[in-house]
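Below: one structure, written as C-alpha cells.
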Amino acid sequence: MPSRTRPGRRLSRRNPGRVAGKTPAGCLGNRSSAIDKALEKVALTPRDIDYICVVTTTGLLCPSLTAHYIKRLDMRPDIQRIDIVGMGCNAGLNGMQPVANFCALHPDAVGLLLCVEVCSAMYVMDDTLNTAVVNSLFGDGAAAAVISAKHAWSASDGPNILGFPSHIIPEAIEAMRLDFRDNKYAFQLDPKIPYYLGLNFRIPVDNLLGRFGRKRRDIDHWVVHSGGRKVIDALKYSLNITKKDVRHTTDILENFGNVSSASFLFAHERLLEEGITISGDSIVMITMGPGLRLAGGDGPLGIPNTGSQGRVPAWDGHLSIAEVCRFRRCPPPAFFR
C-alpha cells in the first residue's frame, strides 16, 4: 500500500555519483558467475575466446566493459570485441547477432555474449506512478552464452541459430526511453506499450518462420523477454500461444523481475533445466525494447551440422547453455511496499 506522502515530495535524495558507481561495481564484481560458468560448461578458458560482445544499458563506461573484462579475465590481446550500449531490453539478441556473424565467417572461432544489467543503478526515488512501476519491475542480473560454428559442437544440447528478424515501430519510438532529470537518467514507460507490441508481435515472427517454411504451430519452445505481465499477455494473445508456452518467462519475471537484456537467456536456461528438449525441436526467442523494436531468433535444437535441414540454408552455429548470475533483486521504494 502506498504511504501517505504529499504529491511531488521526494522520498530520497540519493547521491547520483554513488548510484552511478553501482554500474562498474555490479558489472565487474559479478562477472565470474556468468562468464566463468558458461565457459566451464564447454571446457574452455577466457583465452580461448576470439570475439566478445558485452551488452548493457544501465551504465556508460569509457573504456568500455569489454576492455575491462579482457584485462580482468586475462583474455588474449588479439581478441575482437564490441559493446552494445543503450538498446535496452532487446539488446541481447542484437548482441548475439554480431557474435553469430563473426563465427559464421570464422568457423573455428569461439564467441562470447555477455548481457549484464544493474538496473538498480537507474532507480529514481520519487512518488510518481512511473517510478513505482519501474522500480518494482526491473532487477539486476547477468547471463553469458558461448557461440561457435565448430562442427564438434553441432550435436550438443544448445540450439543452432538460423536467423535474426527485426521489426521497428517508429510511431512508438518514445514509448520506452531514458530521460535525464535531477542529475541522473530515469527510465520512462508508456502505459500503451502492451498495445503497441500486441499489434506487432506477429510481423517479425511470421516473417522469420516464413523464411524457413514454418508456421507458429510448428514451434516447440518459446523463449521470451520478461517485459512485464501485460506485455506477456499481449504476446500470448497476438501469437495465439498458451500460458505454458511462456512459463519460463513468467517464472523469471516473478523471481527476478525484468533483468533487461539478460532476461531471454534467463528464460533459455529455465528451458534447458527442464530437460525436455530433443534433437529437431524448434525454438523462437523474442525480445523487445526501446525503439519500439522487436527482435527475434530462431533455430532447431541439437540439429547435426548440415546447414539446411530441409529448409533454406542458414548458419548453424551453436549457442551453449546459458549461465546466469542472479544479482540481488533490489526492493521497491518504501512507498510502494
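Miscellaneous remarks
- Residue that is nearest to residue 216 (Cα to Cα), among those in the range 272-289 that are surrounded by fewer than 22 Cβ atoms within 10 Å (Cβ to Cβ) and not β-branched (Val, Ile, Thr): 282
- Filter pass, residue 140 being among the acidic types (Asp, Glu) and either at pLDDT 90 or above or closer than 30 Å to residue 103 by Cα (or both): yes
This table checks each residue for (1) buried (at least 20 other Cβ atoms within 10 Å of the Cβ); (2) in contact with a His (Cβ under 6 Å, 6 or more places away or on another chain); (3) at pLDDT 90 or above.
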site: 33; (1), (2), (3): no, no, no
site: 39; (1), (2), (3): yes, no, yes
site: 46; (1), (2), (3): no, no, yes
site: 53; (1), (2), (3): yes, no, yes
site: 74; (1), (2), (3): no, no, yes
site: 91; (1), (2), (3): yes, no, yes
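- Filtered residues of the range 188-208 (kept if within 12 Å of residue 285 (Cα to Cα) and either more than 18 Å from the chain's Cα centre (by Cα) or of a type in the set (Lys, Arg) (or both)): 208
- Qualifying residue in the range 205-217 (condition: over 19 Å from residue 137 (Cβ atoms) and in contact with a His (Cβ under 6 Å, 6 or more places away or on another chain)): no
- The lone criterion from (1) among the β-branched types (Val, Ile, Thr); (2) surrounded by fewer than 18 Cβ atoms within 10 Å (Cβ to Cβ); (3) within 26 Å of residue 42 (Cβ to Cβ) left unmet by residue 203 is number (3).
- Filter result (farther than 10 Å from residue 226 by Cβ and free of Cβ contacts under 8 Å to residues at least 40 places away in the same chain) within the range 244-283: 244, 245, 247, 270, 273, 274, 275, 276, 278, 280
- Flag: residue 138 matches the condition of being in contact with a Cys (Cβ under 8 Å, 6 or more places away or on another chain) and aromatic (Phe, Trp, Tyr).
- Residue match in the range 210-224 (condition: over 21 Å from the mean Cα position of the chain (by Cα), surrounded by 19 or more Cβ atoms within 10 Å (Cβ to Cβ) and not small (Gly, Ala, Ser)): yes
The values are calculated or read from the model by the stated rules, or taken from the named source; none is laboratory data. Small disclaimer: the values here were computed from a predicted structure and weren't measured. All Cβ positions, even for glycine, are placed from backbone atoms using ideal geometry, and neighbour counts span all protein chains on display.
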